[in-house]
């Protein structure tokens, strides 16, 4: 199973419960839309890459008036739910890197907490730029490499560094955008807290975000999970186990 197939499989598994668990994703989407709104006028067409169930796409529809709004995702079961929100003619099953539209079609390319699933972020950004009209705007959010730092420290100390996905660094991301005019580029931290490691894992699984890129060299067993839980509870018993998302918000204009 390659990475694209893995991402599709795991998000499809969560399709029917995603909307009841995507609290963080909705909060980030609100922030991204509020950042974007003052920067765009006279919008004709918008595309949402990595739309999932279309719940954040619906937010775009409510906040940014456009003549056409399309939604793209690789997970067909999520898209079925998106189609019920947006209309089946406006949802497209596709990867980030080969979107079936001509060059220069869209005023806005939007993506909320999705680009971290790209197998080649540089290629994904280039594809987004291809889709934009001259002076079009790309707005996206994604977790950066300062996410999960406390969790990662515990995993590393126990010899489980291979388990967690790695996120892009801020400097690398900024360099990827060097060919665009940067209208907004900033970080915001979100911290979710859990009573135990198993609740934390469930929160990730329930939004389909538990796929490990490249597979895992050694899968964790029951005793490993119990050991992780024990160490996390010992470290964070008073405040709850933190899951820190350092999210980078990017709004850039095609030049």
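The values are calculated or read from the model by the stated rules, or taken from the named source; none is laboratory data. All of these numbers come straight from a predicted model, not from anything done at the bench. Positions of Cβ are backbone-derived with ideal geometry, glycine not excepted, and every protein chain shown enters the neighbour counts.
All of (1) crowded, with 19+ Cβ neighbours inside 10 Å; (2) within 19 Å of residue 2 (Cα to Cα) hold for residue 55 with one exception: (2). If you go through region 106-120 and pick out every residue that is touching a helix residue (DSSP H, G or I) at 6+ places or on another chain (Cβ under 6 Å) and surrounded by fewer than 22 Cβ atoms within 10 Å (Cβ to Cβ), you end up with 1. Residues in region 28-69 that are within 26 Å of residue 200 (Cα to Cα) and out of contact with any strand residue (DSSP E or B) (no Cβ under 7 Å at 6 or more places or on another chain): 30, 53, 55. In region 79-98, of all residues being out of contact with any strand residue (DSSP E or B) (no Cβ under 6 Å at 6 or more places or on another chain) and under 21 Å from residue 9 (Cβ atoms), the one that is surrounded by the fewest Cβ atoms within 10 Å (Cβ to Cβ) corresponds to 98. Where strands (runs of 3 or more DSSP E) fall wholly inside region 1-113, the ranges with 1 or more residues that are farther than 17 Å from residue 133 by Cα and modelled with pLDDT of 95 or more are 68-73, 91-93, 106-112.
Using the structure shown, decide if residue 76 is surrounded by fewer than 19 Cβ atoms within 10 Å (Cβ to Cβ), in contact with a strand residue (DSSP E or B) (Cβ under 6 Å, 6 or more places away or on another chain) and in contact (Cβ under 8 Å) with a residue 60 or more places away in the chain. Criteria met by residue 76.
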